[in-house]
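What follows is a single structure, written as structure tokens, with notes after it.
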Amino acid sequence: MIGKLGYGQPVGGIAQTAFVVEDLRTAIDRFVTDMKAGPFFVLDRFLVPGQTYRGRESQADITLAMGFAGHMLIELIQPLDDQPSVYRETIETRGYGFHHFGIACADVDAASRDYRSRGYHEAFRAAVPTGGEVVYLDNGTGAQWGFLELLPITTGMDEAFTGFWQASQDWDGSDPVRSFI
């Protein structure tokens, strides 16, 4: 397995920082204008069968966007409904803002077992469009501190995220909102 992702972040380290937002387009505008991050790649709907939240089937739907500031991948997540989810949990606990750090993992299930052996709890699991499943973990404090998301290193994930990063290199600020797929 490679030691670094195509955009330079280390395997096993922080590969992403995520925020839950009230309005995706407003958040994108703020990150582009105030922090010079972008462009952002939008996935309009993320509601996949088989997702679980706190051990139960989940029907929560979100829209999300990903963009870069340097080598840091920023994910913006807007819930589209009031279904129970790790996103609603965060909003109800402490409001909009920081949600999770994404950790790039060669083996999500093995990493989840390791974190759980250290006192973490699985809060959410879902298949993702870039291949594999993500797992969100908390350390027993729920959304108070924020979650860790275990990101599967798949060819699709590394290619997509590296493509987003490449689009940010020497970006002139035009076309700030693009399609994820």
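Coordinate-derived values only; no laboratory data. Note that the structure is predicted; figures quoted are calculated from it, not measured. Quick reminder, even Gly has a Cβ in these numbers, built from the backbone with ideal geometry, and neighbours come from all protein chains shown.
Amide H contacts under 5 Å for GLN51: SER58, restricted to partners 5 or more places along the chain or on a different chain, H placed in the peptide plane at 1.01 Å from N. From the Cα gyration tensor of segment 1-79, with a ≥ b ≥ c the square roots of its eigenvalues, which class applies: rounded if a/c is under 1.5, or else prolate if a/b is larger than b/c, or else oblate? It is oblate, given that a/c is not under 1.5 and a/b is not larger than b/c.
The stretch between PHE101 and THR33 holds 22.2 nm of extra length on full extension. This uses 0.36 nm per residue minus the Cα-Cα distance.
Phi-derived couplings, Karplus 6.51 cos²θ - 1.76 cosθ + 1.60 at θ = phi - 60°, listed residue by residue for segment 40-47: 10, 9, 9, 10, 5, 9, 10, 9 Hz, with x used for Gly and Pro. GNM on the chain, alpha-carbon springs under 10 angstrom: the most fluctuating residue among LEU150, LEU64, LEU43 is LEU43. Which residue, chosen from ILE77, VAL42, SER168, occupies the Cα position most advanced towards the positive end of the dipole of segment 40-181, where the dipole is computed from +1 (Lys, Arg) and -1 (Asp, Glu) charges on Cβ about the Cα centre? So the residue we want is ILE77. Close amide H contacts of PHE124 (hydrogens built in the peptide plane, cut-off under 5 Å, sequence separation of 5 or more or a different chain): ARG54, TYR136. Averaging the Cα positions of each part gives two centres, and for segment 92-133 and segment 1-51 these lie 15 Å apart.
Within the chain, which whole H helices from DSSP have a Cα span along their axis of at least 15 Å and a mean Kyte-Doolittle hydropathy of -0.5 or more, if any? The answer, listed by residue number, is 24-35, 155-168. Considering only alpha-carbon pairs that sit under 8 angstrom and 6 or more positions apart, the relative contact order computed for the chain is 28 percent.
Going by average Cβ density within 10 Å per residue, which order do the peptides 152-163, 106-117, 67-78, 168-179 take, highest to lowest? Before the final figure, lay out each step's value.
Numbers: 152-163: 17.2, 106-117: 14.8, 67-78: 19.8, 168-179: 11.6.
Highest mean packing first, the order is 67-78, 152-163, 106-117, 168-179.
With both partners inside segment 22-181, how many of the DSSP beta bridges are antiparallel, as a percent to the nearest 5? Just about 75 percent of them are antiparallel.
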